[in-house]
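K.L.:
Would you mind keeping the following structure in view while I ask a few things?
The values are calculated or read from the model by the stated rules, or taken from the named source; none is laboratory data. Note that the structure is a prediction, hence the values are computed from the model and not measured. No Cβ is skipped: glycine too gets one built from the backbone with ideal geometry, and neighbour counts run over all protein chains shown. What goes into the accessible areas is simple: the full protein's heavy atoms, side chains included, and nothing from ligands, DNA or RNA. Shrake-Rupley method; radii C 1.70, N 1.55, O 1.52, S 1.80 Å.
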Amino acid sequence: MSALIAIPMLFGGCSSQSFTSKTMRDAARAPSTFITKSGMDFEENACKSPLVDPADGTEIIMVESIRGVGDYKVPPGKYGMEQNELLRVDCQTGKVLGIVKK
């Protein structure tokens, strides 16, 4: 019976571990922080979408999030991104953390 309980625990931990263990690299020419759209605020436990580049208005769209960190889809060619990459952002502050593979 204890083995049956352990199996879901193993699978439950896989998704968050793979999310947080993705290798990151620095973003190029990205703002140090993104802002929320008018009328939205950053919150402790919620990732907002879209976020906006305060310099040029570029919007990024959240694809996935966990524990206050979100991975966002970015328009092609922005911030040194390559195909099949996402921009990782701290959801509490809008601070850019880096680029990760999808």
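K.L.:
What is the residue count in region 88-102 for residues that are more than 11 Å from VAL69 (Cβ to Cβ) and either open to solvent by less than 10 Å² (accessible area, probe 1.4 Å) or out of contact with any strand residue (DSSP E or B) (no Cβ under 7 Å at 6 or more places or on another chain) (or both)?
P.N.:
2
K.L.:
Give SER38, SER32, SER16, SER65 a once-over and let me know the one that is at pLDDT below 80 and among the hydroxyl-bearing types (Ser, Thr, Tyr). Give the steps one after another, and end with the answer.
P.N.:
Working: SER38 fails: at pLDDT below 80; SER32 fails: at pLDDT below 80; SER65 fails: at pLDDT below 80.
Testing whether each residue is at pLDDT below 80 and among the hydroxyl-bearing types (Ser, Thr, Tyr) leaves just SER16.
K.L.:
Among the residues of region 19-30, is there at least one that is outside any helix (DSSP H, G or I) and without any contact (Cβ under 8 Å) to a residue 40 or more places away in the chain? Write out each step before concluding.
P.N.:
Filtering region 19-30 for residues outside any helix (DSSP H, G or I) gives 21-30.
Filter again for without any contact (Cβ under 8 Å) to a residue 40 or more places away in the chain, leaving 21.
Yes, because at least one residue in region 19-30 is outside any helix (DSSP H, G or I) and without any contact (Cβ under 8 Å) to a residue 40 or more places away in the chain.
K.L.:
Which of the residues belonging to region 69-83 are of a type outside the set (Lys, Arg), at pLDDT 90 or above and open to solvent by less than 90 Å² (accessible area, probe 1.4 Å)?
P.N.:
VAL69, GLY70, ASP71, TYR72, VAL74, PRO75, TYR79, GLY80, MET81
K.L.:
Name the residues in region 41-61 that are open to solvent by 30 Å² or more (accessible area, probe 1.4 Å), closer than 12 Å to VAL89 by Cα and either among the hydroxyl-bearing types (Ser, Thr, Tyr) or without any contact (Cβ under 8 Å) to a residue 40 or more places away in the chain (or both), would you?
P.N.:
SER49, ILE61
K.L.:
May I ask you to list the residues in region 62-86 that are among the β-branched types (Val, Ile, Thr) and either in contact (Cβ under 8 Å) with a residue 24 or more places away in the chain or part of a strand (DSSP E or B) (or both)?
P.N.:
Residues of region 62-86 among the β-branched types (Val, Ile, Thr): 63, 66, 69, 74.
Once the filter is applied, which keeps residues that are among the β-branched types (Val, Ile, Thr) and either in contact (Cβ under 8 Å) with a residue 24 or more places away in the chain or part of a strand (DSSP E or B) (or both), region 62-86 yields VAL63, ILE66, VAL69.
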